[in-house]
1. Pick from SER271, SER23, SER256: which residue has the top mean-square fluctuation in a GNM of the chain where Cα pairs under 10 Å get a spring?
2. Name the shape class, rounded, prolate or oblate, that the alpha-carbon gyration tensor gives for the chain, where a ≥ b ≥ c are the square roots of its eigenvalues, rounded holds for a/c under 1.5, and otherwise prolate holds if a/b is larger than b/c and oblate otherwise.
3. Specify the angular offset, from 0 to 90 degrees and rounded to the nearest 10, of the alpha carbon long axis of helix 85-98 from the longest principal axis of the alpha carbons in the chain.
4. If I fit a long axis through the Cα atoms of helix 279-291 and take the longest principal axis of the Cα atoms of the chain, what angle between them do I get, 0 to 90°, rounded to 10?
5. What does the highest-first list of 94-102, 258-266, 214-222, 124-132 look like by mean Cβ count within 10 Å?
6. Leaving ligands, DNA and RNA out of it, report the carbon-plus-sulfur percent of the accessible area of the chain at a 1.4 Å probe.
7. Considering amide H positions built from the backbone, and no H for Pro or chain starts, which residues 5 or more places from VAL219, or on another chain, come under 5 Å of its amide H?
8. Would you mind working out the accessible area per residue for the chain, using a 1.4 Å probe, and quoting it in Å²?
Amino acid sequence: MANKNPSTSISPRAPEPPALSESAAGLLRELVAHLRQNRTQLREEWARRITRAELLTAMTEEEIFAEATAVYDNYVEALETGTFEALQAYSRRLSERIIPRGVETDEVVGIVLLLRDVLARSLFTKYQDNVDKLNRILDSYEPAANRIANTVAVGFVEERERIIRQQQEAIRELSTPVLQVRERLLILPIIGVMDPQRARQLTEQLLRAIRANRAKVVVIDVTGVAAMDSGVANHLVQTVEASRLLGATCIVTGLSPEIAQTLVTIGVDLSEMATVGDLQGGIEEAERLLADRSVLPAPREPGTDTSR
């Protein structure tokens with residue numbers, strides 16, 4: 001039987017109303033114009049909300065307002081241009097300023113979400129009589145707002161991780177100081193856990209110090225090291241050999257019975273390593289070597305045949 005109503009063969013989804021022909025870009029332009037027109041009111045409301053929520057408590061109200069102004073302007077620019085480079089750069093600079101003040105990640109995420117809430121509420125007020133348009137503007141705004149929130153949060157976390165790495169590096173350097181006792185004599189006291197990364201850093205610091213101070217004898221004291229695995233032990237041997245290549249004799253002191261037994265058990269080559277029981281004995285041996293210059297090694301290049 002023929003279909004008496006040809007229109008029933010068409011998809012049940014009706015065409016969008018004419019008003020929906022406005023592009024997402026056009027809606028965003030209207031949104032940006034609204035945010036620029038109400039800039040003072042909205043950023044002040046945002047700053048008040050930050051204070052009421054007890055976020056950024058390490059900063060004064062004046063500092064909060066100044067940062068809120070800058071973030072707001074970068075936020076609106078990102079909405080307008082669809083590019084996030086300026087926002088990313090500002091986020092990094094902001095993080096550099098506020099992380100040392102003790103600001104946490106959840107506070108940064110919180111203030112960005114508060115801004116989104118403040119802006120959304122202003123849109124509800126503006127378009128309360130045109131729910132259809134409100135929904136379309138929100139549909140255009142939400143993806144951009146989410147990306148902005150993600151950009152700021154990621155920028156903060158990356159900067160925080162960078163600062164943590166710097167602090168860890170500084171702590172490691174402080175934990176392995178190379179001390180000059182007198183001319184041509186260095187002491188490297190090692191305390192704490194030795195891992196491969198720290199062992200590499202130790203070697204780099206020591207070799208730089210040997211070269212800078214023209215050292216002839218180095219006392220490496222491991223009294224404060226509780227344990228040492230095969231990788232770190234072999235690295236210590238390599239450090240001793242690298243020091244020898246620069247013309248310095250290494251004396252290792254403070255080996256505990258446990259570490260000594262471990263080194264023998266795992267078969268570390270100790271033939272090139274001079275050891276003394278304690279630091280005091282190591283310094284005395286170093287003084288003897290410096291007094292008897294004939295026993296000190298001459299600098300030699302890698303691969304030099306010393307068998308003759």
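The values are calculated or read from the model by the stated rules, or taken from the named source; none is laboratory data. What you are looking at is a predicted structure, and each value in this text was computed from that prediction instead of being measured. Counting neighbours? That spans all protein chains shown, and the Cβs are built from the backbone with ideal geometry, glycine included. These area figures cover heavy atoms from the full protein model, side chains too; ligands, DNA and RNA do not enter into them. Shrake-Rupley method; radii C 1.70, N 1.55, O 1.52, S 1.80 Å.
1. SER271
2. Numbers: a/c = 4.22, a/b = 2.80, b/c = 1.51.
Taking the square roots of the gyration eigenvalues as a ≥ b ≥ c, the chain is prolate.
3. With both axes taken from Cα atoms, the answer is about 60 degrees.
4. Once rounded, one gets 60 degrees.
5. 214-222, 94-102, 258-266, 124-132
6. Numbers: 9220 of 17590 Å².
Taking all protein chains in place, the chain shows 52 percent carbon and sulfur surface.
7. Amide H neighbours of VAL219: LEU186, ILE187, LEU188, ILE251.
8. Numbers: 17590 Å² over 308 residues.
The answer is 57 Å² per residue.
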